[in-house]
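> To start, I am sharing the structure in question, which I have written as structure tokens.
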């Protein structure tokens, strides 16, 4: 998959997401012409001034998946102003919690091989 200017911006901002948030790590990902697939590892943050109980309902919402995706989309959109006349984003996104190693390996393989099946996508346009 060769990225155009918009794709390169999306790629770089995905990498920047990792730099902006200390509580996450990025796994396998791929930028496609009309979507992206990626794995985000969320690391539990330890605050030495709190008891860090799992029942703490007052955690920072800026560290959850919706906030991470919202921040990523906003950063890409800011850079694409003037390049695109429309929003590049779908209204929602799909998230899935990876619960075991077998599922993780299956999903990473899906992401890795996804570009090979781009021509089968209903939005594919022959270049």
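Every number in this text was worked out from the coordinates using simple rules, so none of it is lab data. Note that this is a predicted model, so its numbers are computed, not measured. Counting neighbours? That spans all protein chains shown, and the Cβs are built from the backbone with ideal geometry, glycine included.
> Cut-off 10 angstrom, C-alpha nodes, Gaussian network model of the chain. Which of 101, 28, 13 fluctuates the most?
101
> In degrees, nearest 10, range 0 to 90: what is the angle between the Cα axis of helix 101-113 and the longest Cα principal axis of the chain?
30 degrees
> So, by mean Cβ neighbours within 10 angstrom, what's the order for 81-87, 3-9 with the highest one leading? Walk me through the numbers on the way to the answer.
Working: 81-87: 8.3, 3-9: 14.1.
Averaged packing, sorted descending, gives the order 3-9, 81-87.
> Considering the values (1) 2, 9, 15, 18, 17, 14, 11, 8, 4, 2, 0; (2) 2, 8, 17, 20, 20, 15, 9, 5, 3, 1, 0, 0; (3) 2, 10, 19, 20, 17, 11, 7, 5, 4, 3, 2, 1, 0, which represents P(r) over Cα pairs in 5 Å bins from 0, in percent as calculated for the structure under consideration?
(2)
> How far, in degrees from 0 to 90, does helix 65-80 lean away from the longest principal axis of the Cα atoms of the chain, to the nearest 10?
Relative to the chain, helix 65-80 is tipped by roughly 40 degrees.
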